[in-house]
Amino acid sequence: MILVLATENKDKGREIASIIHEQIHVKDNLKIQLLSDYPNITLPPETGNTYLQNATVKATYVAKKVGQWALGDDSGFEIFALDGAPGLYSSRFAGEGVTYADNRKKVLSLLIDVSEEKRLARFVCTVVLASPDGQVESFVGVCEGKIACSKTSDGNTGFGYDPIFYPAQYDKTFAECSSLEKNKISHRGHAVRAAIEMLIKKFAV
């Protein structure tokens, strides 16, 4: 079986692939392909009002284009002191075409006077599996935590807001966690594992 990861974000693609490979030890039964394996495909713009809508658009579009099952992901960083922002706009919080560092800098600047106990935040991820014939399944993962007062190390695997997020389970940021540690508790880890469990049951992968 082939599963195409419907994301143009290379960091997300690598992370999703690593989560799947950690879960399925016999990889011959499930071949993972990245969107970069299909250079002529460009994802439609994210215009949905929810993570589910955005993930569904990506997954269904790619599944129909390539004739294989596809996995779409949409996720966001929700900060309680900012009424849930940046949320859907996490990747472009500081503007279009910005870097991860630009987004982190904006978050830290907005929270400069917010006390540690009020710097609560969470990552939310919605994963959608779609088949070429229109089957759609969705899965949600959440990881609660808090925001650091300043940026920590980028680590070996961290990206996005990882260097400023302390998951509730650890006394270090996502960026300072190993890939295995992060995948075990992350929003994306929870959602992707649930999706792959469904594929395993459905196709005996």
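The values are calculated or read from the model by the stated rules, or taken from the named source; none is laboratory data. Note that the coordinates shown come from a computational prediction; the quantities given were computed from them, not determined experimentally. Note that each Cβ is placed from the backbone with ideal geometry, even for glycine, and that neighbours are counted across all protein chains shown.
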Fill in: Residue check for Ser75: under 15 Å from the mean Cα position of the chain (by Cα), within 25 Å of Gln169 (Cα to Cα) and either polar (S, T, N, Q) or surrounded by fewer than 13 Cβ atoms within 10 Å (Cβ to Cβ) (or both)
yes
Worksheet item: All but one of (1) under 21 Å from Ala63 (Cβ atoms); (2) over 14 Å from the mean Cα position of the chain (by Cα); (3) of a type outside the set (Val, Ile, Thr); (4) buried (at least 22 other Cβ atoms within 10 Å of the Cβ) hold for Cys177; which doesn't?
Response: (1)
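Sort out which residues of the stretch 35-87 are of a type in the set (Asp, Glu) and either modelled with pLDDT under 95 or touching a strand residue (DSSP E or B) at 6+ places or on another chain (Cβ under 8 Å) (or both), and write them in order of number.
Asp37, Glu46, Asp73, Asp74, Glu78
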Discussion item. Return the pair list, or none, for Cβ contacts closer than 7 Å from residues in the stretch 185-205 that are surrounded by fewer than 14 Cβ atoms within 10 Å (Cβ to Cβ) to residues that are modelled with pLDDT under 95, at least 6 apart or on different chains.
Written reply: Phe203/Met1
Discussion item. Any residue at all in the stretch 89-102 that's crowded, with 17+ Cβ neighbours inside 10 Å, modelled with pLDDT of 95 or more, assigned to a loop (DSSP other than H, G, I, E, B) and under 18 Å from the mean Cα position of the chain (by Cα)?
Written reply: yes
Practice prompt. Would you mind stating whether Ala121 is of a type in the set (A, V, I, L, M), touching an Asp or Glu at 6+ places or on another chain (Cβ under 9 Å), under 20 Å from Leu88 (Cβ atoms) and at pLDDT 95 or above?
Written response: yes
Worksheet item: Which ones in the stretch 56-88 are touching a residue at least 24 places away in the same chain (Cβ under 8 Å), hydrophobic (A, V, I, L, M, F, W, C) and in a helix (DSSP H, G or I)?
Response: Ala59, Val62, Ala63, Val66, Phe80, Ala81, Leu82
Worksheet item: How about the stretch 162-186: which of its residues are in a loop (DSSP other than H, G, I, E, B) and modelled with pLDDT under 95?
Response: Gln169, Tyr170, Asp171, Lys172, Thr173, Cys177, Ser178
Worksheet, complete the sentence: Residues of the stretch 1-16 being assigned to a strand (DSSP E or B) and either free of Cβ contacts under 8 Å to residues at least 12 places away in the same chain or closer than 15 Å to Ala55 by Cβ (or both), in sequence order, are Leu3, Val4, Leu5
Item to complete: Mind listing whichever residues of the stretch 17-55 are over 15 Å from Trp69 (Cα atoms), under 15 Å from the mean Cα position of the chain (by Cα), assigned to a helix (DSSP H, G or I) and in contact (Cβ under 8 Å) with a residue 24 or more places away in the chain?
Response: Ser18, Ile19, Tyr51, Leu52, Asn54
